[in-house]
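Undergrad: Below is the structure I would like to discuss, written out as structure tokens.
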Amino acid sequence: MTTLTKTEDSPAPTGADPFLSVRDLYVRFSTEDGIVKAVDGLSFDLERGRTLGIVGESGSGKSVTNLAVLGLHNPKSTTISGEILLDGQELTGAREKTLERLRGNKMAMIFQDPLTALSPYYTVGRQIAEPFVKHTGASKREGRLRAVEMLGKVGIPQPQTRVDDYPHQFSGGMRQRAMIAMSLVCNPSLLIADEPTTALDVTVQAQILDLLKDLQQEFGSAIILITHDLGVVANTADDILVMYAGRAVERGSVKEVLQSPRHPYTWGLLGSMPRLSGDVEQPLKPIPGTPPSLLNPPPGCPFHPRCAYTGEVGGDRCSSERPVLPEGRGGACHLTAERKQSIFIEDIQPALG
Amino acid sequence: MLQFLLRRSIGAVVILILISAFTFFLFFSIPQDPALLACGKNCTPDAIKIIHQNLGLDKPVPVQYWNFMVGIFAGRDFAVGHCSAPCFGYSFANNQPVWNTIVDRFPTTLSLTVGGAFVFLLVGLGTGMLAAWKRGTAVDKTFSSVSLVLSSMQIYFLGPIVLGLLVYSTDILSSPKYVPFTENPGQWFVGLLIPWIVLSVIFTANYTRMSRSTMIEQLQEEHVRTAKAKGMSSRYVFFRYAWRGSLIPIVTIFGMDLGSLFGGAIITEQTFSLAGIGRLAVESVIKTDLPMIMGVMLFSAFMILLFNIIVDAAYAWIDPRVRLS
Ligand SMILES: Nc1ncnc2c1ncn2[C@@H]1O[C@H](COP(=O)(O)OP(=O)(O)O)[C@@H](O)[C@H]1O
Ligand code: SF4
Ligand SMILES: [Mg+2]
């Protein structure tokens, strides 16, 4: 049971027909050890031109969710149920040919490590041109010209010559730029960036995020930015979805989630991230324990083994009853809204500096 | 790329010089006098002495080695006649320069090995990739279990069985024999068919299993997933992205197999009664024809090094990281 009163903040904008709508998504892998419940009843919406940051520790199901949107899971070992509506079109259970036409075209993905995500055997230019040639029916020559154009757009110097280079001849930051060029070559309306800066050093990270923002202005894409670092979404995203153990535990606008978070897990993430205020006096506090195995997730609230507030909730509800995440703004936690607010203001906020 | 090949070739030349020096000093310091062979039955000490002088065998071994090496590039004159470059010495057992015999025998071995290799590479890659494409289906399982059985076969075991089946008891084919390709391509093909089949049966299984497993591995690579995420079709992803990566381990093994085919030519040629380089090696050992043994050894070493260089060039062609490093 959740207590949501009218005094809560205004919910994040949700239109009547969101551009991307994920409803009750379940993704399960059958493995030798059993069934991995990687995504467990996830719902979220995304509007055109907006950026949704999906945040959570490694292993919380962020990548699996987004690979499901693109339909990239191996159908033999994966069971997917729920609804993924892109611009009104149902993607779960869609035919492979239908998905092929959408991938790289209407929806595209940037992967974490551009070194392994680009093929070492083909030139950067060819890899950028391929989806363009396939989806627009352009000639090879036009594809190449387009690749040069895109490399220029993402800030690669001398794109006319670099287009014939192989990925190993690029630096890490340039490779990620090339990857971005590749994903944007067909002007996708949905761009999924899966930890696009995790493999890069800090100065390059900021450049890549700026580049994404600029390109979003130009192309007007909706972006899903996956990260384990709240700091990354703080500067880049409009909305935040916090994921834990394959579920959404909190959602709201960036401002709402950062200023009045409503889930102990989000508090933990805030406490373990470098201070936005730049205050180095306050020590970082990693969340104790590790994320649960998704082979056998804890019953009730999956965060309860690591949560310091189970005592504040009556009885054994935390370990027996699964808290629901309300539509719009909210957190999936049994604590009352008032209690959450007072804990955050009294205990958490002072420690954040 | 050119620089890379040049570097490899220089390395190969150095190795060849070392091998030649080593074998030369080994052979020519054993107490077996090649002049005895040339001298025949009514040999007198004087006759042997004259032969020694004629062949330069009276000179110190290092000088003989020098003359030998010079002869390879410039040719030599023996009392028995001129031996034009490349001169690998004179064989008394055959009464002609060593090189002439090698040139005579080599096409047989080349046709045998390269032809066989071509077949097993083609069939092995084809079945392996099909198995990977149809992973987990009946096709995959059939290929995998058949290749498991076949991969434990040996030439000297399988060869006689196939000969017995196709030649002696059914007359479907006649005994293997070598007809030069330039003379009659049809007979060249038919004559070598049985050895090719046998070699293929033995080697194909390896390639089936290997190309299957490397393809499956490659299909799990991240860049393969990226290609799918771009909307490229499964077929395109399979043949362009995964296949390219699976070539490296296959080329590696292929280079080794070419070498062992060549080195194993002795057994293959013996099994099918073909007179190639392998057979020549056996004959010259039996006759203690030292110049011939020396020539065959050097020539084989050269061929194996050549295969290695070809394999390295193939790496560079496949993988730009090798080519452009
Ligand atoms: N193909 C798969 N088969 C089995 N388990 C998987 C597979 N892909 C991911 N998982 C598991 O699903 C969970 C979520 O993974 P993932 O979405 O990659 O996490 P992250 O939030 O770090 O992106 C992890 O426990 C991972 O081990
Ligand atoms: S439901 Fe209970 S265990 Fe889960 S976050 Fe809230 S207080 Fe903690
Ligand atoms: Mg991930």
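Undergrad: Long-range amide H contacts for residue A:40: which residues qualify at under 5 Å (H placed 1.01 Å from N, peptide plane, sequence gap of 5 or more or a different chain)?
TA: Amide H to amide H, under 5 Å and 5 or more residues apart or across chains, residue A:40 pairs with A:27, A:247.
Undergrad: What does the charge dipole of the protein assembly as shown about its Cα centre add up to, to the nearest 20 debye, if the Cβ of each Lys and Arg holds +1 and the Cβ of each Asp and Glu holds -1?
TA: 1300 debye
Undergrad: Please list, in chain and number order, the residues 5+ apart from residue A:244 or on another chain whose amide H is under 5 Å from its amide H, with Hs placed from the backbone.
TA: Result for residue A:244 returns A:249.
Undergrad: Once you compute Rg and the Kirkwood Rh from C-alpha atoms, what is the Rg to Rh ratio for the range A:13-167?
TA: 1.01
Undergrad: Give me the inter-chain shielding for A:110-123: mean count of other chain Cβ atoms within 10 Å, whole number please.
TA: Partner Cβ neighbours, averaged per residue: 5.
Undergrad: Each residue of the range A:34-48 in turn: what ³J(HN,Hα) in whole Hz from Karplus with 6.51, -1.76, 1.60 and θ = phi - 60°, glycine and Pro shown as x?
TA: These are the phi-based 3J(HN,Hα) values: x, 9, 8, 8, 6, 10, 10, x, 9, 9, 7, 10, 8, 8, 4 Hz.
Undergrad: Based on the Cβ-Cβ distance of residue B:25 and residue B:302, what FRET efficiency does E = 1/(1 + (r/R0)^6) give at R0 = 22 Å, to the nearest 0.05?
TA: Once the sixth-power term is evaluated, E becomes 0.70.
Undergrad: Using alpha carbon centroids, what distance separates the range A:323-344 and the range B:104-123, in Å?
TA: Taking the Cα centre of the range B:104-123 as reference, the centre of the range A:323-344 is 75 Å away.
Undergrad: Can you sort A:57, A:100, B:222 by solvent-accessible area, 1.4 Å probe, largest first?
TA: Per-residue accessible area, sorted high to low, gives B:222, A:57, A:100.
Undergrad: Just to be sure I understand the curve: with the Debye formula and one point per C-alpha of the range B:33-157, what is log10 I(q)/I(0) at q = 0.20 Å⁻¹?
TA: Those come out to -1.12, one per q.
Undergrad: Just the accessible area for residue A:310, please: 1.4 Å probe, Å², rounded to the nearest 10?
TA: 50 Å²
Undergrad: Next question. I want to check the label-to-label distance for residue B:50 and residue A:81. Put each point 7 Å from Cα in the C-beta direction and report it in nm to one decimal.
TA: 10.3 nm
Undergrad: What per residue convex hull volume, in Å³, do the alpha-carbon atoms of the range A:115-250 yield?
TA: Enclosed volume per residue, from the Cα hull, is 120 Å³.
Undergrad: How do A:334, B:82, A:304 rank by accessible surface area computed with a 1.4 Å probe, from largest to smallest?
TA: Sorted descending by solvent-accessible area, the residues read B:82, A:304, A:334.
Undergrad: Project the alpha carbons of the range A:266-352 onto their principal axes and report the range along each, largest first, in whole Å.
TA: That works out to 39, 31, 27 Å along the principal axes.
Undergrad: Ordering B:114, B:311 from largest to smallest accessible area (1.4 angstrom probe), what's the sequence?
TA: Ranked list, largest accessible area first: B:114, B:311.
Undergrad: Same structure, new question: So how far, in whole Å, is the C-alpha centre of the range A:175-213 from the one of the range B:179-236?
TA: 39 Å
Undergrad: Quick one: which residues, 5 or more positions from residue A:222 or on another chain, have an amide H under 5 Å from its amide H? H modelled 1.01 Å from N in the peptide plane, none for Pro or chain starts.
TA: Here A:49, A:190, A:191 satisfy the definition.
Undergrad: A further question on this structure: For the range B:254-271, in order, what is each residue's ³J(HN,Hα) by Karplus, 6.51 cos²θ - 1.76 cosθ + 1.60 with θ = phi - 60°, in whole Hz (x at glycine and Pro)?
TA: Ordered by residue, 3J(HN,Hα) equals 5, x, 5, 5, 4, x, 6, 4, 5, x, x, 4, 4, 5, 4, 5, 5, 4 Hz.
Undergrad: Still on this structure, I have one more. Take residue A:308, project a point 7 Å from its Cα along the Cβ direction, then tell me which residues of the range A:315-353 have their backbone nitrogen under 17 Å from it.
TA: Flagged as within label range: A:335, A:339-353.
Undergrad: What value, in deg cm²/dmol to 500, does the helix sum -39500 (n - 2.57) over DSSP H runs of n ≥ 4 give at 222 nm once divided by the residues of the protein assembly as shown?
TA: Rounded to the nearest 500, it is -16000 deg cm²/dmol.
Undergrad: Treat each spin label as a single point 7 Å out from the Cα along the C-beta direction, and report the residue A:272 to residue B:165 distance in nm.
TA: Modelled inter-label distance: 6.3 nm.
Undergrad: By its C-alpha gyration tensor, with a ≥ b ≥ c as the square roots of the eigenvalues, how is the range B:197-309 shaped: rounded for a/c under 1.5, else prolate for a/b larger than b/c, else oblate?
TA: Judged from the Cα gyration tensor, the range B:197-309 comes out prolate (a/c at least 1.5, a/b above b/c).
Undergrad: Restricting everything to alpha-carbon atoms, can you work out Rg to Rh for the range B:105-318 with a Kirkwood hydrodynamic radius?
TA: 1.04
Undergrad: Related question: Taking R0 as 41 Å, what FRET efficiency do you get between residue B:184 and residue B:235 from their Cβ-Cβ distance, rounded to the nearest 0.05?
TA: 0.50
Undergrad: With each pseudo-label sitting 7 Å past Cα toward Cβ, what's the residue B:309-residue B:78 distance in nm, one decimal?
TA: Result for the modelled spin labels: 2.8 nm.
Undergrad: Per q in 0.24, 0.25 Å⁻¹, report the Debye log10 I(q)/I(0) for the range B:84-183, using one uniform scatterer on each alpha carbon and no solvent.
TA: Log-scaled intensity ratios, in q order: -1.22, -1.24.
Undergrad: Given an 8 Å cut-off on Cα distances and at least 6 residues of separation, report the relative contact order of the range B:105-318 as a percent.
TA: Value for the range B:105-318: 28 percent.
Undergrad: For the range A:14-97, run through the trypsin sites (Lys or Arg not before Pro) and keep only the ones in DSSP coil with at most 11 other Cβ atoms within 10 Å of their Cβ.
TA: Answer in residue order: A:76, A:95.
Undergrad: Counting other Cβ atoms within 10 Å, keep those with at most 16, restrict to DSSP loop, and tell me which trypsin sites (Lys or Arg not before Pro) in the range B:172-245 are left.
TA: B:177
Undergrad: Take the eigenvalues of the Cα gyration tensor for the protein assembly as shown, scale each by 5, and report the square roots as semi-axes in whole Å, largest first.
TA: The answer is 72, 27, 23 Å, longest axis first.
Undergrad: Just report the Cα centroid separation between the range A:120-164 and the range A:63-84, whole Å.
TA: 29 Å
Undergrad: Given +1 on the Cβ of Lys and Arg, -1 on the Cβ of Asp and Glu, and no further charges, what dipole in debye does chain A carry about its Cα centre, rounded to the nearest 20?
TA: About 940 debye.
Undergrad: Just the projected area, averaged over all directions, of the convex hull on the alpha carbon atoms of chain A: how many nm²?
TA: 18.5 nm²
Undergrad: Can you work out ³J(HN,Hα) from phi for every residue in the range B:95-110, in order, using Karplus 6.51 cos²θ - 1.76 cosθ + 1.60 and θ = phi - 60°, giving whole Hz and x for Gly and Pro?
TA: Each residue's phi maps through the Karplus curve to give 6, 7, x, 3, 4, 4, 5, 4, 4, 5, 8, 4, x, 4, 5, 4 Hz.
The values are calculated or read from the model by the stated rules, or taken from the named source; none is laboratory data. Values in this document were obtained by computation on a predicted structure and should not be read as measured data. Neighbour counts run over all protein chains shown; Cβ positions are idealised from the backbone, glycine included. Side chains are part of the model used for accessible areas, which takes the heavy atoms of the whole protein and leaves out ligands, DNA and RNA. Shrake-Rupley method; radii C 1.70, N 1.55, O 1.52, S 1.80 Å.
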